[in-house]
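The values are calculated or read from the model by the stated rules, or taken from the named source; none is laboratory data. All values reported here derive from a predicted model rather than from experimental measurement. We place every Cβ from the backbone using ideal geometry, glycine too, and count neighbours over all the protein chains shown.
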Amino acid sequence: MARLLIHHNTEWNIFSLQNDLSAISLGEVVPEARNSAPTLVRKADDDQVQWALLARPDEEPVHVNGDPVLLGIRALHDRDAIQFGASERIYFSTDSAPVVEPYAAGKTPVACARCGTLIRDLSVKCPKCAAIFHQSPDLPCFTYDDHCICGHPTAMNDDNCWHPDEI
């Protein structure tokens, strides 16, 4: 799940982006579009989620990674820095904790990235590389090692998610 990391006082506030539209207003995230506020828009299909930032060109200038959003729209990528005028940067992140979910009914079973047998029930998709693993008491393939095959930690919590202090 995508999220915004907003620095306030001495700590980072994390806002999960759960809606298809989220306005960014005065350092907070509002789950709806507003006329003048920059808005994040999500487009999702079966295998891919994409995010874009919409900003009114006639309002306060908006920058992503230091570049102005000139035409009012900009595709967002993991770890993009968003800045409104002279305000502090807000970071967009697609990094998330792994989640155990039933493998989607009706989908063609796929081979587990660790053991190679077909996945038909509980599974985890690595938040970094999107490889799919078994994850059940009988087949703990994702948490079998401390790291996924791509190097992403396999802890089942947000502790290992990317944080702007790493910049």
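Can you say whether C129 is loosely packed, with under 14 Cβ neighbours inside 10 Å, within 20 Å of A44 (Cβ to Cβ) and of a type outside the set (D, E), as far as the supplied structure shows?
yes
Write out, first by first residue and then by second, each pair whose Cβ atoms fall under 6 Å of each other, whose residues are 6+ apart or on separate chains, and whose first residue, in the range 144-156, is within 12 Å of V124 (Cβ to Cβ) and touching a residue at least 40 places away in the same chain (Cβ under 8 Å) while the second is surrounded by 14 or more Cβ atoms within 10 Å (Cβ to Cβ) and among the hydroxyl-bearing types (S, T, Y).
T154/T143
When you scan the range 43-55, do you find a residue that is touching a strand residue (DSSP E or B) at 6+ places or on another chain (Cβ under 6 Å), part of a strand (DSSP E or B) and of a type in the set (D, E, K, R), even just one?
yes
What are the residues in the range 84-94 that are surrounded by fewer than 18 Cβ atoms within 10 Å (Cβ to Cβ) and of a type in the set (S, T, N, Q), if any?
S87, the sole residue that qualifies.
Looking at L5, is it over 18 Å from the mean Cα position of the chain (by Cα) and either at pLDDT 85 or above or among the β-branched types (V, I, T) (or both)?
Considered against the rule, which asks whether it is over 18 Å from the mean Cα position of the chain (by Cα) and either at pLDDT 85 or above or among the β-branched types (V, I, T) (or both), L5 comes out as no.
Kindly state which strands (runs of 3 or more DSSP E) lie completely within the range 81-167 and contain at least 3 residues that are within 24 Å of L5 (Cα to Cα).
90-93
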